[in-house]
Amino acid sequence: MSKKVILIVLDGLEYSAGEQCMGFLQALREQNKATLYKLQCELPSMSRPLYEAILTGVAPVNSGIVHNAVTRLSNQESIFSLARSANLTTAAAAYHWFSELYNRTPFQAKRDRYTMDSELAIQYGSFYHQDHYPDDHLFADAEALRRHHDPDFLLIHPMNIDDAGHKAGWDSSKYRNTTRHADMALSEYLPDWLAEGYQVLVTADHGMNNDFSHGGTLTEERMVPLYVLGDGFSHDPDAQPQQLDICGAVCQLLGIKGHNKPYPKDFLETHFTGAL
Ligand SMILES: [Zn+2]
């Protein structure tokens, strides 16, 4: 059994901001169409290390992607590489660091801004390279990729929440209002995706602190939401998925055989775990 999957990583979204400001996602939750889990992100609580952690299921100290200036390619099996090995179609509308981790590095906007190359791990890409690239434009980029290329796995990664946190801090109206805008953008697209049968995960790499940064172990830096939507998930409130389980769970939903990525069986519906 296999499903198409959309993974949305809202850069820098701390758990309580998500719970308090994302009215549309919370509405889905109240209607039992979404389940929210609380994750503690891996360390250091920084972007590039955690992109790698989410996409490969490997912690930064083990992947070697330990800070944002490590610009080499990933040397781990990722959702992208495993999906390609299984002949699935991959796409991403994401920050250019994803292009550097899984396609080519260093990023060259002239070459990589729009990517269409069936030989690359991310076959179809729309990669931006400014942190204030508007989230609603990024969601439209992602929808264009979805409509034109019909990917089995689509990564969507907007940056504005993190950008707001770096400018105004975690406990700020700017940070919260940017989160509300991301929720509104999601409400524009999520109903169509769910109606078409996609499995959707909405999460974050790390949170934010009141020093306008992140990287350490403060609760507000580490706690992030994971909303799951779709019939491939168990929606068991007692399941305890971790950030490093996202990769394995997505591989399992995509029907990839023989991957060695961890995931908790009670996080997925039994048809996807082989536990029938
Ligand atoms: Zn940041």
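The values are calculated or read from the model by the stated rules, or taken from the named source; none is laboratory data. No experiment lies behind these values; they were computed from the predicted model shown. Using ideal geometry, Cβ is built from the backbone for each residue, glycine included, and neighbour counts are taken over all protein chains shown.
The single condition from (1) assigned to a strand (DSSP E or B); (2) closer than 23 Å to Ala142 by Cβ that Phe107 fails is (1).
Out of contact with any helix residue (DSSP H, G or I) (no Cβ under 9 Å at 6 or more places or on another chain) and of a type in the set (Asp, Glu): is that true of Asp150 in this structure? Criteria met by Asp150. Just one of the listed residues (Asp150, Asp211, Asp205) is modelled with pLDDT of 95 or more, surrounded by 23 or more Cβ atoms within 10 Å (Cβ to Cβ) and charged (D, E, K, R), and it is Asp205. Annotation: Val70 fulfils all but one of (1) more than 17 Å from Leu155 (Cβ to Cβ); (2) out of contact with any Gly (no Cβ under 9 Å at 6 or more places or on another chain); (3) part of a loop (DSSP other than H, G, I, E, B); the unmet one is (2). Filtering Asp238, Asp162, Asp192, Asp183 for residues that are over 27 Å from Leu138 (Cα atoms) and either in a helix (DSSP H, G or I) or without any contact (Cβ under 8 Å) to a residue 40 or more places away in the chain (or both) leaves a single hit, Asp238.
The residue list Ala94, Ala142, Ala121 contains one member that is part of a helix (DSSP H, G or I), crowded, with 20+ Cβ neighbours inside 10 Å and either small (Gly, Ala, Ser) or more than 16 Å from the ligand (Cβ to nearest atom) (or both), which is Ala142.
Scanning region 14-41 for residues that are closer than 28 Å to Thr273 by Cβ and within 15 Å of the ligand (Cβ to nearest atom) yields one hit, Cys41. Residue count for region 165-175 under the criterion of being surrounded by fewer than 24 Cβ atoms within 10 Å (Cβ to Cβ), assigned to a helix (DSSP H, G or I) and within 16 Å of the ligand (Cβ to nearest atom): the result is 4.
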